[in-house]
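Here, each number is a calculation from the coordinates, and none is a lab measurement. Remember, it's a predicted structure, so these values are computed and weren't measured experimentally. Please note: Cβ atoms are built from the backbone with ideal geometry, for glycine as well, and neighbour counts cover all protein chains shown.
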Amino acid sequence: MGLEPFTKDSTIFRDENVLRDSHTPKTLIERDEELTAYQSALRPVVNGAQPKNLFLYGQTGVGKTLATKLVLERLSTDLEPMDDVDLHTVFLNCKSLSSSYQVAANLVNEFREPDNQIKTTGYPSGMINQMLWDHLNELDASHCLVVLDEVDSIGNDDDILYQVPRSNDNGLVDGTQVGVIGISNDFTFRDNLSARVKDSLCDEEILFSPYDANQLRRILEQRAEQAFHDDVLDDNVIPLAAAFAGQSSGSARQALRRLYKAGDIARDQGATLVTEGHIRLADRAVERDKVWEELLRVPTHSKLTLYALLMLEAEGELPAKRSAIYKRYRIAANRIDIDPRTDRTVHDRLSQLTLKGFLEVEEKNKGPKGGSYYQYQFSIRPELVTEALSEDSRVGELFD
Ligand SMILES: Nc1ncnc2c1ncn2[C@@H]1O[C@H](COP(=O)(O)OP(=O)(O)OP(=O)(O)O)[C@@H](O)[C@H]1O
Ligand SMILES: [Mg+2]
């Protein structure tokens, strides 16, 4: 079969872009409590006082980034007529940054013109920090809010999360009152923040919980109205998409993807209606993509931990205790010349992999004497893990 002509299709979507991740809706629904907490933490700014430092956390796709954009937009608009308060905001996504140094260097660039950017490697770190303080001191604003989204990327190297929130108190920045908003979907990262970071960054913590199916339904309904033509969706399409996403993750992103994918499949089939069958197909496709993407993205030591479980699987030893997993983990790490981390790190990796839904954990009691231990096994197909790990340039060597 040759190429088919590209023809405009207007029967299903009115505006499919509304379903994409890049689309920013004008309102955040079903998050009133979180928004109230968020606004109250930033209220001091309006009164000219020191903003509170904030830490937002919750699983992926639950509206943390969207809430931040909308709250800051609203704050800026409301501040416009007030002469005594000028707010400067900096929004940095830290996804690809793995240290405090890189965050500081990228923040410096946020204050610079595109033709005057600094290289983000090679300077002594004291110098980078000084550049940052200089920029903050030069700001012609009474307040500066620095958003560090997906900040868990920096791992244990979290000094910047102490430095910036404390920059006024420590006399590094004078004149502009600085507040930091840190955002993370990694619960282990939050639990492992050093005590001094917790103390300075987390004046206020806001937890975004996963959405339940009813909340997801309302989010989808709101979006579907703009995205689809009238009467194109069968009645049970949205409830089903919401139910599937609710069960699997509670993520609005995942719910939107299902709806989008279902529309896409219907369009490809030349259908005029999106039906339950389309949603079921979409659910499978989205679930597979999601697991795959996340597996590719986990850090090296998580991949080695997964590899350890693959070894145990091959030995017929799953579910397994942490000690058995740690033993295999060390063997795997040594085999490809990576320094094994401590048992504690592997414990953290196991918790994180469980949270992400790759592993299942079961608590076992030792018997009448008390004490209990945990046993881990895969909750996704091991073949998928093998495939994903093989793609990794380091860990993939283990399969050679
Ligand atoms: N309450 C809501 N109302 C409308 N749309 C929402 C809501 N919550 C999330 N969304 C949509 O779901 C998607 C994911 O939301 P967002 O990016 O804010 O998640 P997040 O919590 O920042 O996730 P991550 O931790 O992965 O960065 C976005 O497309 C967003 O527009
Ligand atoms: Mg986000």
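Of all lysines in the structure, those lying under 18 Å Cα to Cα from Lys366, and not within fewer than 8 positions of it along the same chain, are Lys321. Largest GNM mean-square fluctuation across Ala314, Ala271, Ala37, computed for the chain with C-alpha springs under 10 Å, falls on Ala314.
Each Lys and Arg Cβ is given +1 and each Asp and Glu Cβ -1; about its Cα centre, segment 190-338 then shows a dipole of about 880 debye. Packing-based ranking of 389-397, 45-53, 141-149 yields 141-149, 45-53, 389-397, ordered from highest to lowest mean Cβ neighbour count within 10 Å. Taking the DSSP bridge list for the chain and keeping only pairs wholly inside it, about 30 percent are antiparallel. For Lys364, the aspartates and glutamates whose Cα comes closer than 18 Å to its Cα, not counting residues fewer than 8 places off in the same chain, are Glu317. Other residues whose C-beta falls under 9 angstrom from the C-beta of Ala245 contribute a net charge of +2, scoring Lys and Arg +1 and Asp and Glu -1. Of the residues Ala243, Tyr211, Tyr374, the one whose Cα sits farthest toward the positive end of the charge dipole of the chain, with +1 on the Cβ of Lys and Arg and -1 on the Cβ of Asp and Glu, is Tyr374. Pull up the cross-link candidates among the lysines for Lys290, meaning alpha carbon to alpha carbon under 25 Å and not fewer than 8 places away within one chain. Reachable lysines: Lys64, Lys69, Lys95, Lys261, Lys303, Lys356.
Taking the charge dipole of the chain about its Cα centre, with +1 at Lys and Arg Cβ atoms and -1 at Asp and Glu Cβ atoms, the residue from Gln269, Pro114, Ser393 reaching farthest to the positive side is Ser393.
Sorted by mean Cβ packing within 10 Å, highest first, what order do the peptides 61-73, 84-96 take?
Numbers: 61-73: 19.9, 84-96: 16.1.
Final packing ranking: 61-73, 84-96.
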